[in-house]
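Peer 1: Shown below is the structure under consideration.
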Amino acid sequence: MSHLFNTFFLGVILTTMALPYAVQADDVKTLTLAYSEQYQARTYDAKIEAIKAATVSAQTSGRIINIYFDVNDIVPKGAPLLDITNKEQGAGLAGAEAELAKAEALNSEAQAQYARFKALFPKGAISKGAMDEATAKAKSSNQAVSAAQAQLIKAKESLNYTVVSAPFSGRMTQRFVEQGETISYGQALFSGYDTEHLRAVFQVPQQDVTQLQQQAQVSIQLPNGNDITANDINVYQFADPLTHQHQVRVNLDASSLENVIVGQWAKVSVNFPARASLIIPLSAVHQVSDLTSVYRKNDHKIVLNQVRIGRIDRQQNTAEVLSGLMEGDEIVIDAGRYLIITSAEKTQE
C-alpha cells in the first residue's frame with residue numbers, strides 16, 4: 001500500500017496547477033464517528049464429503065461377463081453395473097418352479113381327499129384313523145406349497161443378483177474387479193457416492209462450540225467461487241482426544257450446484273455475536289510505510305491522527321478502528337483528495 005501512495009504523491013505534483021488555491025477545514029467532507037454493532041465473522045477451512053457413500057458387493061457367485069461403468073463415471077440409480085453368468089441360478093429357478101408345481105398338485109389332491117372324508121366321516125363310512133390321516137396330509141401338503149413358494153422367491157432373487165445394479169445415482173470412485181473374473185458371495189465390486197447430497201466438515205476449538213450451536217445458518221464459499229447458505233448444522237457433542245476440537249458437519253443440497261467435488265476444500269463463515277465498533281471508510285485511511293493514520297478535524301484545523309486498524313471488509317470498503325479515535329471524532333472521508341488539495345495549496349503559496 002505504501003507503493004500506491006508513493007505513486008499517488010507523484011500524481012500530486014503533476015496535477016498541482018489544476019487545483020484550487022486554498023482549502024478550509026469547513027470545506028472538506030467529514031464523517032462524525034459513532035459506535036455501531038458489527039458481527040464478527042470467523043472463517044474455517046472445511047472439506048467437502050459425501051453424505052451417502054457405499055461399496056456394492058456380490059450377492060451371488062459366478063463369472064463376470066460384462067462391465068458397464070468405470071471409475072469417475074456418473075451412474076443413474078438402478079442402472080446395471082455388471083452381469084454375472086446365470087446358468088446355475090437359472091437352473092435353480094427352473095427347479096424351484098417345478099417343485100412348486102409338484103407341491104400344488106399334491107396339495108390339490110390332499111385337499112380333495114380331505115373334503116371327501118370330512119363329508120363321509122359323520123355317516124360312519126370313514127374310520128377315525130383315516131380321517132386323522134387325511135387331515136394331517138391336507139395340512140402338510142398346504143405347508144409344502146408355502147415352502148416351495150419361498151424357494152421360488154429365493155431362486156428368483158438369486159437370478160436377479162446376477163445383474164448388479166446401482167443402489168443410488170452418483171459417481172463411481174473405485175472398481176475392484178475386471179471382466180472375466182470369478183467372484184464369490186460378499187466380494188466387493190464397486191464404490192461410489194451420491195453427488196446430490198454432500199456436507200462440509202470442519203473442526204472448531206472448544207470456545208466456539210456454544211456459539212456454533214446457536215447459529216441458525218452459516219455461509220459457505222464453495223471451491224467454484226459461489227457463496228451459499230446452509231442451515232442443517234450438526235455440532236458434535238464430544239471433542240477429539242488428541243486435538244481437543246469439535247467436528248461440525250453442515251449438510252448441503254448439491255442438486256442445483258455445479259462443479260462441487262468430494263475432497264475439495266471450502267470456506268465456512270460464521271457470524272459471532274456483535275460488538276460495538278468504530279467503522280471508517282477505507283478512503284479515509286492514509287498509509288505511509290508502517291504508519292497508518294487518518295485526518296481528523298480539530299476545531300478549524302485538520303490534523304494527522306495515527307490509528308490502529310483491525311478487521312477490513314473489502315466488500316463494504318470499510319475498516320474497524322481498534323485504537324486512536326473516539327466516538328464523536330470528525331475525520332476526513334477522502335484522505336487522498338485532501339492530500340492533493342493541500343499539496344496544491346502549499347505549492348501555489
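Every residue, every condition in (1) loosely packed, with under 12 Cβ neighbours inside 10 Å; (2) over 30 Å from ASP83 (Cα atoms), yes or no:
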| site | (1), (2) |
| --- | --- |
| GLN187 | no, no |
| GLU196 | no, no |
| TYR236 | no, yes |
| PRO241 | yes, yes |
| GLN247 | no, yes |
| ASP253 | no, yes |
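Peer 1: Please specify each residue of segment 198-234 satisfying the condition of being surrounded by 13 or more Cβ atoms within 10 Å (Cβ to Cβ), aliphatic (A, V, I, L, M) and either in contact with a His (Cβ under 7 Å, 6 or more places away or on another chain) or in a loop (DSSP other than H, G, I, E, B) (or both).
Peer 2: VAL204, VAL209, LEU222
Peer 1: Residue check: is VAL209 over 30 Å from LEU81 (Cα atoms), of a type in the set (Val, Ile, Thr), in contact (Cβ under 8 Å) with a residue 60 or more places away in the chain and in the same structural domain as LYS47 (by TED's automatic domain parsing)?
Peer 2: no
Peer 1: If you go through segment 32-63 one residue at a time, how many are buried (at least 17 other Cβ atoms within 10 Å of the Cβ) and in contact with a Pro (Cβ under 9 Å, 6 or more places away or on another chain)?
Peer 2: 2
Peer 1: Another question, if that's okay. Quick check on ALA134: is it in a helix (DSSP H, G or I), of a type in the set (Gly, Ala, Ser), touching a residue at least 40 places away in the same chain (Cβ under 8 Å) and surrounded by 17 or more Cβ atoms within 10 Å (Cβ to Cβ)?
Peer 2: For ALA134, the condition - in a helix (DSSP H, G or I), of a type in the set (Gly, Ala, Ser), touching a residue at least 40 places away in the same chain (Cβ under 8 Å) and surrounded by 17 or more Cβ atoms within 10 Å (Cβ to Cβ) - is not met.
Peer 1: Does VAL145 satisfy the criteria of being modelled with pLDDT of 90 or more, assigned to a loop (DSSP other than H, G, I, E, B) and either surrounded by 12 or more Cβ atoms within 10 Å (Cβ to Cβ) or aromatic (Phe, Trp, Tyr) (or both)?
Peer 2: no
Rundown of residues vs (1) in the same structural domain as VAL204 (by TED's automatic domain parsing); (2) modelled with pLDDT under 90; (3) surrounded by 13 or more Cβ atoms within 10 Å (Cβ to Cβ); (4) hydrophobic (A, V, I, L, M, F, W, C), yes/no style:
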{"position": "ILE65", "(1), (2), (3), (4)": "no, no, yes, yes"}
{"position": "ASP70", "(1), (2), (3), (4)": "no, no, no, no"}
{"position": "VAL75", "(1), (2), (3), (4)": "no, no, yes, yes"}
{"position": "ALA79", "(1), (2), (3), (4)": "no, no, yes, yes"}
{"position": "ALA98", "(1), (2), (3), (4)": "no, no, no, yes"}
{"position": "GLU104", "(1), (2), (3), (4)": "no, no, yes, no"}
{"position": "SER108", "(1), (2), (3), (4)": "no, no, no, no"}
{"position": "ALA112", "(1), (2), (3), (4)": "no, no, no, yes"}
{"position": "ALA119", "(1), (2), (3), (4)": "no, yes, no, yes"}
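Peer 1: I need every pair where a residue in segment 242-268 that is among the charged types (D, E, K, R) has its Cβ under 6 Å from the Cβ of a residue that is surrounded by 15 or more Cβ atoms within 10 Å (Cβ to Cβ), sequence separation at least 6 or different chains.
Peer 2: Partner pairs satisfying both residue conditions: ARG249/ARG199; ARG249/VAL201; LYS267/GLN221.
Peer 1: Sticking with this one: Output the residues belonging to segment 275-310 that are at pLDDT 90 or above and among the small types (Gly, Ala, Ser).
Peer 2: SER283, ALA284, SER293
Peer 1: Report the residue count in segment 255-274 for those that are at pLDDT 85 or above, surrounded by fewer than 16 Cβ atoms within 10 Å (Cβ to Cβ) and under 20 Å from GLU37 (Cβ atoms).
Peer 2: 1
Peer 1: Then there is this: Consider segment 291-349. How many of its residues are without any contact (Cβ under 8 Å) to a residue 12 or more places away in the chain and surrounded by 13 or more Cβ atoms within 10 Å (Cβ to Cβ)?
Peer 2: Qualifying residue count, segment 291-349: 2.
The values are calculated or read from the model by the stated rules, or taken from the named source; none is laboratory data. Here the structure is a predicted model, which is why all the values come from computation and not from measurement. Note that we place each Cβ from the backbone using ideal geometry, even for glycine, and neighbour counts take in every protein chain shown.
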